[in-house]
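Undergrad: I have a structure here, written as C-alpha cells, and I will follow up with some questions on it.
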Amino acid sequence: MKKIKTISDIPDWFNLDNYSYLDTADATEIYDALEDRGQWVSGLNSPSVVAQKDAELITKMIKLGKKTTERYKGYKQSPFITKFDRVVTEIETVERLDLGGGGLVEPLSCNHLDKLYSTMINELPKVEEYKQRQSEITKTLLEMENRNSTGNSKLYLNEIALWDCPVDAVFNEKNIKPFREKSIHISLDLAGGSDEQILEELSKLLPKWRQRLVIPEPDLPKIRTNDLNKIVGNKIIPLIDLICISSLEGYSITNAVLARILHPTGDRGEIQLTQTDIPFSHKVLTLEYRKSLSEKIL
C-alpha cells in the first residue's frame, strides 16, 4: 500500500475549505454530517444493495466537495410511510401488561405489535416481488448518481429502501422476538397531567420495569458538552473522510501529514492526532455514540 508522506502528494479531491460550513453549523447539521459518515462506513461492507450504492454516492459527494446531506435533494417521501402511519393509528385493541403503571403512564402489551406485524406482512413486498424489482432499483440508484440538482426519479427514496429487503426476511418471529423482549410500549395520558407529573411518574416506573423484566440500564457512551466543539475544532469529519477514502483507494497517509493538512496553523500536531483525534473519530462513528448524540441534540 502506497504511503503519503508529504502534503504535496495529498489527492486533489481534498480541500479543507469544503468543510468550512461546519464552523457555523448548528448541532443538527453536525450530527447529520456525522451520521452520514457512520452510514457510509457501515454501507461499504453491507450486503444491502441500497446501502452499498448509498456509500458509493457518499464517496462521490465527498470527493466533489459537496455536503453529503444533499445527495437525496429533491426526492420525495414514499406514500407508504403515510399509509404505515394510518395503519398504526387504526390498531385499537391493546392489553395492559401486568407490570404495574401509574395514573398517567400505562404499559401496553405486544398485542398491537402482533396486529402491526400482520398488517405489514400484507402490505409490504414479498420475496417474489422483491426479486422482480431488483433490476428497477439498480437502475434507479444509477439515476440517483447522475441526477440533476432537483432530482426527478419516479421511484420514491423510501420505497427504494423498502424494496431493498423483503418483508419475509425481516419481519419474522425470530427477528421480532428479541425486540419484544427488550421493549415496553406505553400509553401517556397527555391531557391528564403536566409534563413534570408524567416525567416524575415515568422515572418511578422505569426502575420497576427494568427489575421485573431483568433489563438493566445499558452503559451507553457519555456525550460530553464539548463533544460537538471537538468534532468541529479538531476537524474530525475531514479526518474521517481522508482516512476512509485513502483506505478505499489503496493508500495511507501518515499522521504527521494528516495533522499538517488538517491544522495548517499548527494548533494541533501529530501527537494530538494520534493520541486523541483518531481514537475519538473511531468512537463517534459507532452506532451507540451516534444514537446517544441524536437523543441529546435532536
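Undergrad: Can you find a residue in the stretch 240-253 that is surrounded by fewer than 11 Cβ atoms within 10 Å (Cβ to Cβ) and either under 16 Å from V284 (Cα atoms) or within 24 Å of the chain's Cα centre (by Cα) (or both)?
TA: Looking for residues that are surrounded by fewer than 11 Cβ atoms within 10 Å (Cβ to Cβ) and either under 16 Å from V284 (Cα atoms) or within 24 Å of the chain's Cα centre (by Cα) (or both), one finds none in the stretch 240-253, hence no.
Undergrad: Suppose we filter the stretch 1-21 for residues that are surrounded by 19 or more Cβ atoms within 10 Å (Cβ to Cβ) and either assigned to a helix (DSSP H, G or I) or among the charged types (D, E, K, R) (or both); how many remain?
TA: Here is the first cut: in the stretch 1-21, the ones surrounded by 19 or more Cβ atoms within 10 Å (Cβ to Cβ) are 14, 19.
Cutting the leftovers down to either assigned to a helix (DSSP H, G or I) or among the charged types (D, E, K, R) (or both) gives us 19.
Summing the residues that are surrounded by 19 or more Cβ atoms within 10 Å (Cβ to Cβ) and either assigned to a helix (DSSP H, G or I) or among the charged types (D, E, K, R) (or both) in the stretch 1-21 gives 1.
Undergrad: Is it true that some residue in the stretch 284-296 is in contact with a helix residue (DSSP H, G or I) (Cβ under 9 Å, 6 or more places away or on another chain), buried (at least 17 other Cβ atoms within 10 Å of the Cβ), of a type in the set (D, E, K, R) and modelled with pLDDT under 95? Before you say what the answer is, go through the steps one by one.
TA: If we filter the stretch 284-296 for residues that are in contact with a helix residue (DSSP H, G or I) (Cβ under 9 Å, 6 or more places away or on another chain), which is where we start, we get 284-287, 289-290, 293-294, 296.
After this cut, where a residue has to be buried (at least 17 other Cβ atoms within 10 Å of the Cβ) as well, the list is 284-285, 289-290, 293.
So of that shortlist, the ones also of a type in the set (D, E, K, R) come out as 290.
Those still in the list that are modelled with pLDDT under 95 too: 290.
Looking through the stretch 284-296, at least one residue is in contact with a helix residue (DSSP H, G or I) (Cβ under 9 Å, 6 or more places away or on another chain), buried (at least 17 other Cβ atoms within 10 Å of the Cβ), of a type in the set (D, E, K, R) and modelled with pLDDT under 95.
Undergrad: Confirm whether H263 is crowded, with 18+ Cβ neighbours inside 10 Å, modelled with pLDDT of 90 or more, under 24 Å from K2 (Cβ atoms) and assigned by TED's automatic domain parsing to the domain that holds K230.
TA: yes
Undergrad: Here is a further query. Output the residue which, of all residues in the stretch 189-236 that are exposed (fewer than 14 other Cβ atoms within 10 Å of the Cβ) and polar (S, T, N, Q), is modelled with the lowest pLDDT.
TA: T225
Undergrad: May I pose another question? Sort out which residues of the stretch 241-256 are assigned to a helix (DSSP H, G or I) and touching a helix residue (DSSP H, G or I) at 6+ places or on another chain (Cβ under 6 Å), and write them in order of number.
TA: D241, N255, A256
The values are calculated or read from the model by the stated rules, or taken from the named source; none is laboratory data. In this text the structure is predicted, and so the values were computed from the model without any measurement. Positions of Cβ are generated from backbone atoms using ideal geometry, with glycine treated the same way; all protein chains shown enter the neighbour counts.
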